[in-house]
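Computed from the coordinates by the stated procedures, all read-outs in this text should not be read as laboratory data. Worth saying up front: this structure is predicted, and the values here are computed from it rather than measured. Because the Cβ atoms are built from the backbone with ideal geometry, glycine has one as well, and the counts that use them run over all protein chains shown.
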């Protein structure tokens, strides 16, 4: 059998001799023969496929331990293992990207100074054109904005109302800005307990919740479920929340595109909500209020039927919160309003 020198084999496999020596030491790619006197390594041409696979997986960033496992599998099983590894990497990268974006946003905002801000707000909560009951609850006050969407069925309306009512005392709470997130987290945990305690006849109601609590120039955001929060700043509309739905988890894993998710029959299936599942796990974030910002909190009765571009145009074109909520509700009805529609719009202004 004709053997290749380590240099010739490295060139054919698109690896370096140093990498080949490492893979030999790890048992990933031992040479076909070793000169007993010089220690020089020789490789068989049949080893090129394995070498090229290792090289490709290393360029993709796969750890050596995972490469060892893949190389021990049959081709079809190896393909499945590589696909599963990449889905995990993609989901982890997406999650880390959201954390980094939030940190960049918070660090950027810390350099912004302004006088004491206040909120100018408006709220609408409509049954819609199809439903005969309203499970949504919306609230806006000087220090608190909240939207909750109760699950369809017995107790849904009561669950959303209970979740928002549990937060309303925070408007009068004297907790300092430094404790804002902890205060909000405690209130959400209390809301979760209240909703759980409202179960009747074996039926456990549940509700989403998205809320913003203000203390001075600090805004604390809490989010559970698929109600949403958006921020219009400098003409750009940014979504601040990630839907806690089964379909969104498939998007995060790279198994669905956003376009496919929008039309998926299970797009409203929640994986997190108050009152259901294990102990509530809420997303919490701290922001800085900047004059000129416009916030939108809404239920999926708006976001699921009105495209982001139309939301952007309605928010950017309105001269105030009252005008904005009117435009948004009109858009929902123009799209058929198949669900309840709740929305809160708040402008950050200075006194």
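Once both axes come from the Cα atoms, what is the angle between helix 48-60 and the longest principal axis of the chain, in degrees from 0 to 90, rounded to 10?
Once rounded, the angle reads 30 degrees.
Using a 10 angstrom cutoff on alpha carbons, build the Gaussian network for the chain and name the most mobile of 333, 295, 40.
Taking springs between Cα atoms under 10 Å, the residue moving most is 40.
Which angle between 0 and 90 degrees, to the nearest 10, do you get for helix 180-197 versus the longest principal axis of the chain when only C-alpha atoms count?
Value to nearest ten degrees: 80.
Using a Förster distance of 35 angstrom, determine the FRET efficiency expected from the C-beta separation of residue 172 and residue 87, and round it to 0.05. Write down the numbers at each step before the final one.
On the way: r = 47 Å, r/R0 = 1.34.
That pair, residue 172 with residue 87, gives E of 0.15.
I want to verify a result. In a Gaussian network model of the chain, Cα cutoff 10 Å, which of these has the top mean-square fluctuation: 242, 279, 204?
With Cα springs under 10 Å in the chain, the top fluctuation among 242, 279, 204 is at 279.
Between helix 75-110 and the chain, what is the angle of the helix's C-alpha long axis to the longest principal axis, kept within 0 to 90° and rounded to the nearest 10?
So the helix axis and the longest Cα principal axis differ by about 50 degrees.
Which of the three applies to region 281-351, rounded, prolate or oblate, going by the alpha-carbon gyration tensor with a ≥ b ≥ c and a/c under 1.5 meaning rounded?
Oblate, because a/c is 1.5 or more while a/b does not exceed b/c.
What percent does the relative contact order of the chain come to when contacts are Cα pairs within less than 8 Å and at least six residues apart?
It comes to 19 percent, rounded to a whole number.
Using just the helices of the chain, give the 222 nm mean residue ellipticity in deg cm²/dmol: DSSP H runs with n ≥ 4 each add -39,500 (n - 2.57), and the total is spread over all residues, rounded to 500.
Values: 12 runs with 144 residues, N = 351.
The per-residue figure over the chain is -12500 deg cm²/dmol.
For residue 14, project a label point 7 Å along Cα to C-beta. Then give me every residue of region 50-89 with its amide nitrogen under 16 Å of that point.
Flagged as within label range: 50-62.
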